[in-house]
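*Asks:* The structure under discussion is supplied below as structure tokens; questions concerning it will follow.
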Amino acid sequence: MIEARDLRKEYGDFVAVEGSTFSVEQGEVFGVIGPNGAGKTTTLKMLSGLLEPTGGEVSVAGYDVTDTAMRQQLGFLPEESPLYEEMTPTSYLRFFADLYDVPESVATERMHETLDELDLEHRDRKLGDMSKGMKRKVAIARSLINDPDVLVYDEPASGLDPLTTNYVIEFTEQLAEEGKTIVFSAHNLYHVETICDRVAIMNEGQIVARGDLEELQAEYGEREYYVYTTVEVPDAVQENGHWRRVVDSMDGVDAIREAAAEAGGDVIDIRTEESSLEEVFLNVAESETPGTRYVEEA
Amino acid sequence: MNPRKLLRIAKWEVTKNAGGVDKRTVAIMAVSVVAMLLVAGLAASGGATGLDSGLYRVGVDESSPYYAPASEDPAFIVRDPSAEAVERGDQELYFDGTTLRNRLGSQKEKAALSEFRSSVDGYNSEQMREDDNATAAFPVSVTLVYLEQDGVTETVATGGNADGSSGDGGTDGSSGAGGTDGSSGDAGTSDGSTGSGTGSSSDGDSGSLAGLGAGLTGGSTSGTPADIQPPFPFESLVLAFLFIVPMNFVIQAYGSTMLSERLNRRGELLLVSPVSRFDIVAGKTLPYFLGAMGVITAITLGLRFSGLTAGGGPIAILAVLPLALLFLAATFCGAMFARSFKELTFVTVTVTVSLTTYAFVPAIFTDVNPIALISPLTIVVRDLQAQAVTTGDFAFATIPATLSALVLFTLGSGLYREEDMFTQRAIPLKLLDSLSTQIRSKWSALKLPVMLLPAVVVAELAGIALLFALPVEISIPLILVVVVLVEEVAKSLHVYAGFSSGRFDGSLRTTLVVGALSGTGFFLAEKLILVFQVLNPGLSEIPTSQAGLVGSLVPEGVPLALAAVVLLLLPLALHTVTATVSALGARRGRRTYLVALVAAMAIHFAYNFTVVSTVVQ
């Protein structure tokens, strides 16, 4: 559904994104994470056709992103979505429905359905009089007014209170279940871990790691084995009447098993703990640092 | 272009902004407008009393000749003559017959006497105008003929006693341009009323505004020699003012709405919707354009059908169209370049002052100098005055403004995109962006110099206007430097923008091609102007037109083949060579571009200097 090949974006002599290559399948939820200034938003804006890539190619739903027809298939939610505060949610959504050629009856039904799902009341109140959370819900409804196949959401829960954040994340999860293709960026890695099928980690303008969570954990994460024995083995600590030792490989587990047997005891429990996406991200950020981001003048 | 979406955006622009104004504000504005109209109407109807009404008290008996002028002037309150009243300070003036009996002690008493004299003078003039024997009232008749600066036509004339053509020997009956009604001569019949009105009949044709102007500027047709004053184009001023003021209101609102799209990234979602940039810009501009044109049409028709002007119709309205576009385009372009409301304020003030000057000042002198035709508003004034407007005049006045508006809209539209609208990008970089977004292929290098030519002409004329006052030994070289600088930048900046944005690859072949195309494009545009000037003989009377022709024409007696070389081949070679030199530098970066630009300017200057020296010799 989305193909990006060797994407590059320069602002003057500053390289915001370089060599980004990835693809997103239909119905997949693809997360883009990275520290501030990593190039996430620039990448998402190139996907949505807002920014013209300096180099590389990108297509969405089979269209080149510079093609206006592509925008008919896309719902974009920017990190900040300032609305026209003089308008009401309904007039705002109707206006965008018109631009997307959505028939009036369909638009009305879709608008109210989405706003019902988002639990937004006061639909005739001016947007300028609404809370940030309510405005965000209107912005999400706007991104769905054309029933797009592809959603590009940049920090959809940014700056919202925990309750509204959960609401937005659950709604995004629900959209994913309905089969929408979603590219999703967030600083809260728990949310990414919860709803994304695959993740790209960006740092200093480049994708430094990508894959599903298991692949990332395997490559950049740590797995620890907590081995409990009935007898003392080297380097073990006593815990609740048993002995516990932590190792990072199955070879270590086997070695403990042998040591316990030699001491006349046995292994009674093995527990595994894996790195979270946050730990993976920190490991990647520390280990994968691309070079300079500036273009050399000829 | 998608007309349906364009109109949808236009409708949204109207409703959005209407939604931003609450009912209370609308009510206050409506009350204010009604109040202003009432005050204006009262003042116009003469119902408003003057500030000096009843200011002075004059003691004069009914039998005194002074009674009538004093009682008819609202500045005076007439009382019975009384020395005691003067002493008490209850009367400023005390007349016995026609003799002033009190001494003028206070300033108020002196002012009262001065005012009273004026009042008596006015009363006497009025009496003489009403006299059946106008020849006796005004025994000397003078015909004034005002000529245009270039001696083209007579424009204003005031006559004296037009009906005296036979009554007093017919000294001016045939030549009294102002005495149209009386020129036939009534052989001394009692046509005083006609005669008294004849003086203003020449102005009267143009409607009441002219009459008002004549009254205010002392253009009376009978009176003392002191009443004769040089003509002031009051009517043109009023008409030009009426048409320029709505523009200034419209661009304030328009500039504000354009910039507000950029604040807090409000316009981002329109950019990501399936609508082209053209539709967005056109849709947002349309209501303001239609609003301006609606107001202009209402003013034109109002003037026409109320009888205030003799003319006014489609020509006047069509002539304002490019002006409205130019105001909007300049504001739009400025709003795209401005990075804050502070900068926008600077932009709108600059646009208001410069475009108002461009449109308003020449139009005031519609009847004085043909240079006035550089403003479309001159056409408007002419049409309102029921003067003839030729196709050439209309084209000369409106085409530059229309082209300039299109160029400004095009350049501004180049910045209507994410990375220029929502960032604090430096203005020089925005300028490069606005040019580079117009580049689609190598052929764009040919198109852009043509597109930029209105800006080139304006910049060169501004430079000439600033430097022309200097001694000729200094001014000519400096003007040549300005011309060279402007033209070389116009031929190369878009090429540099193309290379720096990556739209042109940096190969030698591409560089040579875009350099040659840019030079050729500039040459073609330059010659297009020349053709336009030569085809419109009327333009040769206009100094700016003459200035533009200098260096473009060869002296008489030069063979045709040589003229072709001088007019065509040499300039073509010059422009392509210098544009290619600049392109060679532009492909490598900013510093090399600047060096190459200086080299190209040196070549161009040497060429121009040689040509000018040859022509002068």
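*Asks:* So which of A:144, A:160, A:151 is over 14 Å from the mean Cα position of the chain (by Cα), in contact (Cβ under 8 Å) with a residue 24 or more places away in the chain and surrounded by 21 or more Cβ atoms within 10 Å (Cβ to Cβ)? Give the steps one after another, and end with the answer.
*Replies:* Numbers: A:160 fails: surrounded by 21 or more Cβ atoms within 10 Å (Cβ to Cβ); A:151 fails: over 14 Å from the mean Cα position of the chain (by Cα).
Residue meeting the stated conditions: A:144.
*Asks:* Mind telling me which of the residues B:255, B:307 ends up being in a helix (DSSP H, G or I), over 17 Å from the mean Cα position of the chain (by Cα) and small (Gly, Ala, Ser)?
*Replies:* Just a single option satisfies the conditions, and that option is B:255.
*Asks:* Does region A:207-218 include one or more residues that are over 18 Å from the mean Cα position of the chain (by Cα) and either modelled with pLDDT under 90 or not aliphatic (A, V, I, L, M) (or both)? Give the steps one after another, and end with the answer.
*Replies:* To start, the set of residues in region A:207-218 that are over 18 Å from the mean Cα position of the chain (by Cα) comprises A:218.
This time we only want the ones that are either modelled with pLDDT under 90 or not aliphatic (A, V, I, L, M) (or both), so: A:218.
Yes, region A:207-218 contains a residue that is over 18 Å from the mean Cα position of the chain (by Cα) and either modelled with pLDDT under 90 or not aliphatic (A, V, I, L, M) (or both).
*Asks:* Just a yes or no: is a residue in region A:81-104 within 8 Å of chain B (Cβ to nearest Cβ) and at positive phi?
*Replies:* Within region A:81-104 (the criterion being within 8 Å of chain B (Cβ to nearest Cβ) and at positive phi), the answer is yes, since at least one residue qualifies.
*Asks:* Kindly evaluate residue A:14 against the criterion of being away from every other protein chain (no Cβ under 13 Å) and aromatic (Phe, Trp, Tyr).
*Replies:* Details: away from every other protein chain (no Cβ under 13 Å): no; aromatic (Phe, Trp, Tyr): yes.
So residue A:14 fails the test.
*Asks:* If you don't mind, another one. Please go through region B:66-100 and pick out each residue that is of a type in the set (D, E, K, R), over 16 Å from residue B:114 (Cα atoms) and in a loop (DSSP other than H, G, I, E, B).
*Replies:* Across region B:66-100, the qualifying residues are B:80, B:90.
*Asks:* Also, I was wondering about something else. All but one of (1) closer than 30 Å to residue B:589 by Cβ; (2) modelled with pLDDT of 75 or more hold for residue A:295; state the number of the condition that does not hold.
*Replies:* Of (1) closer than 30 Å to residue B:589 by Cβ; (2) modelled with pLDDT of 75 or more, only one is false for residue A:295: (2).
*Asks:* Same structure, new question: State the number of residues belonging to region A:237-267 that are over 18 Å from residue A:283 (Cβ atoms), part of a loop (DSSP other than H, G, I, E, B), among the small types (Gly, Ala, Ser) and touching a residue at least 12 places away in the same chain (Cβ under 8 Å).
*Replies:* So the answer is 3.
*Asks:* OK, next. So residue A:112 ticks every box in (1) farther than 21 Å from residue B:274 by Cβ; (2) within 12 Å of chain B (Cβ to nearest Cβ); (3) modelled with pLDDT of 90 or more; (4) more than 23 Å from the chain's Cα centre (by Cα) but one. Which box is left unticked?
*Replies:* With respect to (1) farther than 21 Å from residue B:274 by Cβ; (2) within 12 Å of chain B (Cβ to nearest Cβ); (3) modelled with pLDDT of 90 or more; (4) more than 23 Å from the chain's Cα centre (by Cα), residue A:112 is out only on (2).
*Asks:* (1) in contact with a helix residue (DSSP H, G or I) (Cβ under 8 Å, 6 or more places away or on another chain); (2) within 14 Å of chain A (Cβ to nearest Cβ): which one isn't true of residue B:426, the others all being true?
*Replies:* Condition not satisfied by residue B:426: (1).
*Asks:* I'd like the full set of residues that are buried (at least 17 other Cβ atoms within 10 Å of the Cβ) and within 16 Å of residue A:46 (Cβ to Cβ), limited to region B:422-431.
*Replies:* The answer is B:422, and nothing else.
*Asks:* In region A:43-60, what residues are buried (at least 22 other Cβ atoms within 10 Å of the Cβ), among the polar types (S, T, N, Q) and more than 7 Å from chain B (Cβ to nearest Cβ)?
*Replies:* Passing the criteria: only A:43.
*Asks:* Starting from residues that are of a type in the set (Gly, Ala, Ser) and closer than 19 Å to residue B:328 by Cβ, keep the ones in region B:281-311 and report whichever is nearest to the other protein chains (Cβ to nearest Cβ).
*Replies:* Our first condition is that a residue be of a type in the set (Gly, Ala, Ser); within region B:281-311, this holds for B:282-283, B:291-292, B:294, B:298, B:302, B:306-307, B:310-311.
From what is left, the residues that are closer than 19 Å to residue B:328 by Cβ are B:282-283, B:291-292, B:294, B:298.
On the way: B:282: 14, B:283: 10, B:291: 18, B:292: 22, B:294: 23, B:298: 27 Å.
Per the stated criteria, the residue is B:283.
*Asks:* Now a separate question. When you check residue A:199 against the structure, is it of a type in the set (Val, Ile, Thr) and at pLDDT 85 or above, yes or no?
*Replies:* Details: of a type in the set (Val, Ile, Thr): yes; at pLDDT 85 or above: yes.
Criteria met by residue A:199.
*Asks:* Here is a follow-up. I need a count of the residues in region A:18-33 that are within 11 Å of the chain's Cα centre (by Cα) and among the β-branched types (Val, Ile, Thr). Full working, then the answer.
*Replies:* Filtering region A:18-33 for residues within 11 Å of the chain's Cα centre (by Cα) gives A:29-33.
Cutting the leftovers down to among the β-branched types (Val, Ile, Thr) gives us A:29, A:32-33.
Going through region A:18-33 one residue at a time, the tally reaches 3.
*Asks:* Looking at the structure I just gave you, is residue A:107 small (Gly, Ala, Ser), more than 10 Å from chain B (Cβ to nearest Cβ) and in a loop (DSSP other than H, G, I, E, B)?
*Replies:* no
*Asks:* Tell me which of these residue B:278 doesn't satisfy, since it passes every other one: (1) assigned to a helix (DSSP H, G or I); (2) more than 14 Å from every other protein chain (Cβ to nearest Cβ).
*Replies:* Result: residue B:278 fails condition (2) only.
*Asks:* State all residues of region A:110-140 that are farther than 23 Å from residue A:179 by Cβ and outside any helix (DSSP H, G or I); if no residue qualifies, say none.
*Replies:* Of everything in region A:110-140, those that are farther than 23 Å from residue A:179 by Cβ and outside any helix (DSSP H, G or I) turn out to be A:120, A:121, A:122, A:123, A:124, A:125, A:126, A:130, A:131.
*Asks:* Let me ask something additional. Tell me, please, whether a residue that is among the aliphatic types (A, V, I, L, M), under 24 Å from residue A:170 (Cα atoms) and at pLDDT below 90 can be found in region A:123-132. Show your work before the answer.
*Replies:* If we filter region A:123-132 for residues that are among the aliphatic types (A, V, I, L, M), which is where we start, we get A:127, A:130.
Narrowing further to those that are under 24 Å from residue A:170 (Cα atoms): A:127, A:130.
This time we only want the ones that are at pLDDT below 90, so: A:127, A:130.
The answer is yes, given that some residue of region A:123-132 is among the aliphatic types (A, V, I, L, M), under 24 Å from residue A:170 (Cα atoms) and at pLDDT below 90.
*Asks:* Related question: Kindly list, by first and then second residue, each pair from a residue in region B:102-131 that is closer than 18 Å to residue B:72 by Cα and assigned to a helix (DSSP H, G or I) to a residue that is β-branched (Val, Ile, Thr) and at pLDDT 85 or above, limited to pairs with Cβ atoms under 8 Å and residues at least 6 apart or on different chains.
*Replies:* That search, which allows pairs on different chains as well, returns B:112/B:58; B:116/B:58.
*Asks:* Let me ask another. Of these, B:63, B:53, which one is part of a loop (DSSP other than H, G, I, E, B), loosely packed, with under 13 Cβ neighbours inside 10 Å and at pLDDT 85 or above? Spell out how you get there, then give the answer.
*Replies:* On the way: B:53 fails: at pLDDT 85 or above.
Sole residue among the options that is part of a loop (DSSP other than H, G, I, E, B), loosely packed, with under 13 Cβ neighbours inside 10 Å and at pLDDT 85 or above: B:63.
*Asks:* Given the condition among the aliphatic types (A, V, I, L, M), under 29 Å from the mean Cα position of the chain (by Cα) and more than 25 Å from residue B:583 (Cα to Cα), answer yes or no: does some residue in region B:441-457 qualify?
*Replies:* Start the filter on region B:441-457 by keeping residues that are among the aliphatic types (A, V, I, L, M), which leaves B:445-446, B:448, B:450-453, B:455-457.
Those still in the list that are under 29 Å from the mean Cα position of the chain (by Cα) too: B:448, B:450-453, B:455-457.
When the remaining residues are screened for being more than 25 Å from residue B:583 (Cα to Cα), the result is none.
No: region B:441-457 contains no residue that is among the aliphatic types (A, V, I, L, M), under 29 Å from the mean Cα position of the chain (by Cα) and more than 25 Å from residue B:583 (Cα to Cα).
*Asks:* Quick test for you: out of B:433, B:383, pick the one residue that is closer than 28 Å to residue B:502 by Cα and touching a Gly at 6+ places or on another chain (Cβ under 9 Å).
*Replies:* Values: B:383 fails: closer than 28 Å to residue B:502 by Cα.
Only one candidate passes the filter, namely B:433.
*Asks:* Of all residues in region A:61-74 being within 9 Å of chain B (Cβ to nearest Cβ) and of a type outside the set (S, T, N, Q), which is surrounded by the fewest Cβ atoms within 10 Å (Cβ to Cβ)?
*Replies:* Applying the filter and picking the extreme gives A:69.
*Asks:* To continue, here is another question. Say whether the condition of being out of contact with any Ser or Thr (no Cβ under 9 Å at 6 or more places or on another chain) and outside any helix (DSSP H, G or I) is met by at least one residue in region B:579-594. Quick ask: steps written out before the conclusion?
*Replies:* Here is the first cut: in region B:579-594, the residues out of contact with any Ser or Thr (no Cβ under 9 Å at 6 or more places or on another chain) are B:588, B:591-592, B:594.
From the residues that got through so far, the ones that are outside any helix (DSSP H, G or I) too are B:588.
Yes, some residue in region B:579-594 is out of contact with any Ser or Thr (no Cβ under 9 Å at 6 or more places or on another chain) and outside any helix (DSSP H, G or I).
The values are calculated or read from the model by the stated rules, or taken from the named source; none is laboratory data. In this text the structure is predicted, and so the values were computed from the model without any measurement. Neighbour counts are summed over all protein chains in view; Cβ atoms, including those assigned to glycine, are modelled from backbone coordinates with ideal geometry.
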